[in-house]
Structure formats: structure tokens, C-alpha cells
Amino acid sequence: MKALCIGGATVDAIATIESDSIERMSMLNAETSFLLLEEGRKTEAHDISTHCGGGAVNAAVALSRLGFDASAIAKLGRDARADFILSRLTAEGVSTRWIIRDATAPTGASMIISSHERNAAVFTFRGANAHLESADLAREAFDVDLVYISSLSGKSADCFPQAVRMARAAGTLIAVNATIRQLAVHTDAFLANLPAIDILALNRREAEALLPRLTNAAASSPMPRITAGDQAPPLLTRGLQSGSFEMSLPTFFAALRARGTRHIMLTDGSNGAFVCSDADMIYCPAEPTDVASTAGAGDAMGATFSAFITLGYPADVALKAATINAANVVAFIDTQSGLLGRHALEQRLGASSGQQLRRWKM
């Protein structure tokens, strides 16, 4: 199987700080919290390390470890950071044939601050990631079984419709894991291309960014029957909310399915993940793990689910595999060390007894 990943590539500097060296403040009436550093103070870090990251790189490494012949389209500068990323991709068996080097912009980078519950704060410099152009999308690159389109920054987001068209013309499976900024700023282009997307991966905040455009056109879908005394997943009970817009989970899934998307995966962090596929809504709780950092969990979920669907597994198995791989990723501070190979992941699937899937008819 062959896969092409399109999106960002960065060099991540990760600072791990002990919880007693940084303050955490939570909002009383909002699901928001902040990490606070004292001004003018030199804060001791437990460790500072450098790693490769970015949506396209994380997905390509995940797919390569799962046995795919993976390649990536991303834009790098002509600098040491680019050399570091290229070396890493080569070591992971990912083809760099379609990587573009930009003489006018440096390679993207990020600073990740990891502390407390390890829900990291990330400072991002987009750099060359924001300069992908239509001419950078080589037609030959799309002769694959799976095209996985991750975050596209700045002007690069303008390439999204063309990437979808080229993938559809090649007859390949199309998976999309867009960012909240892309969904909020380029909503029209995203919604217009939904009929061509086979797999859509979103987290709760990204899903809620779509509500203003879906609410008026969505027909209400009934809530599934919950047995008395049975605890429903939090997101199923709460639904999606964005300002004055609210939508139940079944209605949200139905609205996207009505636009043609076959598989929709919606993640809710430690509260687990849902998949709507073939008129079924499936829920999988999060796999228990000791969290070192949550960075990269979404990339692991999206890439793994897409890989297993491409390999012919049913959606429930793909969701379990994605949940296991993401749990292994968050046990490490970086976005790739925990990514499992296919054999190891299939073994974990066979041995897994803690993930009790739940299924409801839509």
C-alpha cells in the first residue's frame, strides 16, 4: 500500500517543566486553562529536547511504521532545520521525493511547553509551511492508495481544493485532518469538498467551529437510547456548542454524512472518540496511559484510523487501533516516539480488553 501525506513539517523544541515551577490557572465558567510563567524569572526545565513534527511528517512516519510506502509533500527552507527533517524522514523510510525547498522562507518550528497534566502549550512559527503552492503538487505523487491531507497553514490552505481534486482524479482514498484555523477561515472551500472526502478526522473544538455553517441546514437526528443507569460518554450527553449554536452529536454526524463524507471520526481527548460510519455511531473510550504530552495524539488518531480503513478493516477495529496508537504516543513527550508498527499494534488489538466499544444506529 502507498500513501501520500500533505501538510506541515516542523522542528519541535520541547521543554519539560516540573509542575511546581509553573502555575496553572483554570477559568471558572469556560473549559479553558492557562500555564503562567513568572516574568523575568529563569525557570528550570527538567529537559529540553529537539524532535521532528508537523502534521504531514507525523502522519507519514505513522503510516510508514504501519507498513505503508509513505511519501510527503511539505515545504521546507534551505536551512539546518530542513536537513534535520529530511534526515529523520529518510531514517523512517519515508520518501522525500516530493519535498520542496524554499529559498525565501525558513523551515517551520515550534516550542512546546509541557507541564501539569501534560496538555502542552505550543508556540508555532509556520515559516515555509505557509508557502505551499499549487505548482508544488506533482500529479505523479498522487498515484497512491491513500492521500492524507493534514493541516495547511496560511496561503497553503488555498491548495486544499486542488489537492482533493487531484486525489479524486487518481481514484485514491482521501483522508483529511484539518486544523481549527483552516476550518474557520476557509470554511467554504472545506464544505464544498466534503463530498469527495472519504475520511474526516476532527477534534471537539474543530467540530464546534463548523456549527455556525451547519446548524441552519441540519435536520435534527434523534438521540440514541441510553439504558437506565448506563453512563453515556460526556460528549454524547453535552453535544457540541459554539457561542449561541448548539447541536447534538447525532445531528452533527448526520449533517456531514448528508454532504457525502463516508467516515467521520470525532475525538474528545481523554473522554474517548466517536466514529460515524455506515449509519452507525461507534464510541471507544480512551486507552488508559500515563500521559507525558498530548502533542501528536490527533495526528496518530487520524493517520492510524485512515491506515486501517485503507487496509480493509471495519470502522470499529480502525477506531480501536487509532485509540491504542494515540495512547502510546502521549506516553512520550514528542509526537513520534510512541508510534507503533503494524505487527505490534495488531498484537495490542488482540490483547485489548479495556476498550469496550459502544454502538448506536443513526
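The values are calculated or read from the model by the stated rules, or taken from the named source; none is laboratory data. As the structure is a prediction and not an experimental result, all values here were calculated from the model. Neighbour counts run over all protein chains shown; Cβ positions are idealised from the backbone, glycine included. Heavy atoms of the whole protein, side chains included, go into the accessibility calculation; ligands, DNA and RNA do not. Shrake-Rupley method; radii C 1.70, N 1.55, O 1.52, S 1.80 Å.
Where both partners of a DSSP beta bridge lie in the chain, what percent of those bridges are antiparallel, to the nearest 5?
Close to 50 percent.
Excluding PHE125 itself, what net charge comes from residues whose Cβ is under 15 Å from its Cβ, given Lys and Arg +1 and Asp and Glu -1? Walk me through the intermediate numbers first.
Numbers: positive: LYS75, ARG81, ARG126, ARG181; negative: ASP12, ASP79, ASP102.
Summing Lys and Arg as +1 and Asp and Glu as -1 gives +1.
If packing is taken as the average number of other Cβ atoms within 10 Å across a peptide's residues, how do 193-203, 340-350, 292-302 rank, most packed first? Walk me through the numbers on the way to the answer.
On the way: 193-203: 20.9, 340-350: 15.3, 292-302: 25.1.
Highest mean packing first, the order is 292-302, 193-203, 340-350.
Report, for the stretch 173-271, the % of DSSP beta bridges that are antiparallel, rounded to 5.
On the way: 3 of 10 bridges.
In the stretch 173-271, approximately 30 percent of DSSP beta bridges are antiparallel ones.
Would you work out what percent of the accessible area of the chain, with all protein chains in place, is carbon or sulfur (probe 1.4 Å)?
Values: 7870 of 15970 Å².
Carbon with sulfur: 49 percent of the solvent-accessible area.
By the gyration tensor of its Cα atoms, with a ≥ b ≥ c the square roots of the eigenvalues, what is the shape of the chain: rounded for a/c under 1.5, prolate for a/b over b/c, or oblate?
Numbers: a/c = 1.40, a/b = 1.11, b/c = 1.25.
It comes out rounded by the Cα gyration axes.
How much FRET efficiency would the formula 1/(1 + (r/R0)^6) give for ASP230 and ASP280, where r is the Cβ-Cβ distance and R0 is 25 Å, rounded to 0.05? Working shown, then result.
Details: r = 18 Å, r/R0 = 0.72.
With R0 = 25 Å, the Cβ-Cβ based efficiency is 0.90.
What list of ³J(HN,Hα) values in whole Hz, one per residue of the stretch 92-106 in order, does the Karplus curve 6.51 cos²θ - 1.76 cosθ + 1.60 (θ = phi - 60°) give from phi, with Gly and Pro shown as x?
Karplus-based 3J(HN,Hα) across the stretch 92-106 equals 8, x, 8, 5, 9, 4, 9, 5, 10, 9, 10, 7, 9, 9, x Hz.
Give me the net charge of LEU146's neighbourhood, meaning all other residues with Cβ under 12 Å from the Cβ of LEU146; Lys, Arg count +1, Asp, Glu -1. Please list the in-between numbers first.
On the way: positive: LYS2; negative: ASP69, ASP143, ASP145, ASP198.
Around LEU146, the surrounding residues sum to -3.
Please list, by residue number, every one of the chymotrypsin sites (Phe, Trp or Tyr not before Pro) in the stretch 101-178 that is coil in DSSP and has at most 15 other beta-carbon atoms within 10 Å.
Numbers: sites: PHE123, PHE125, PHE142, TYR148; in loops: none.
Passing both the DSSP loop test and the Cβ count: no residue.
What is the chain's relative contact order, in percent, from Cα pairs under 8 angstrom and six or more apart in sequence?
On the way: 789 pairs, mean separation 57.6, N = 362.
Relative contact order for the chain comes out at 16 percent.
Taking only protein heavy atoms and a 1.4 Å probe, what accessible area per residue, in Å², does the chain have with all protein chains in place? Spell out each step's value before the answer.
Values: 15970 Å² over 362 residues.
Counting only protein heavy atoms, the per-residue value for the chain is 44 Å².
If you average the alpha carbon positions of the stretch 40-66 and of the stretch 112-182, how far apart do those two centres end up, in angstrom?
18
If I stretch the segment between GLU39 and ASP69 completely, what's the gain in nm (0.36 nm per residue apart, minus their alpha carbon distance), one decimal? Please list the in-between numbers first.
Values: separation 30, 0.36 × 30 = 10.80 nm, distance 4.77 nm.
So the extension gain works out to 6.0 nm.
Could you work out the local net charge near ARG88, counting Lys and Arg as +1, Asp and Glu as -1, over the other residues with Cβ closer than 14 Å to its Cβ?
Details: positive: ARG65, ARG81; negative: ASP12, ASP83, GLU92, ASP334.
So the surrounding residues net to -2.
Just to be sure I understand: of the beta bridges DSSP finds with both ends in the stretch 194-325, what percent are antiparallel, rounded to 5?
70
For the stretch 53-124, what number results from the quotient of the Cα radius of gyration and 2.2 N^0.38 Å? Display every interim value, and only then the final one.
Values: Rg = 13.6 Å, N = 72, 2.2 N^0.38 = 11.2 Å.
The stretch 53-124 yields a ratio of 1.21.
Per residue of the stretch 286-293, in order, report the coupling 6.51 cos²θ - 1.76 cosθ + 1.60 (Karplus, θ = phi - 60°) as ³J(HN,Hα) in whole Hz, putting x for Gly and Pro.
Each residue's phi maps through the Karplus curve to give 5, 6, x, 6, 8, 7, 9, 6 Hz.
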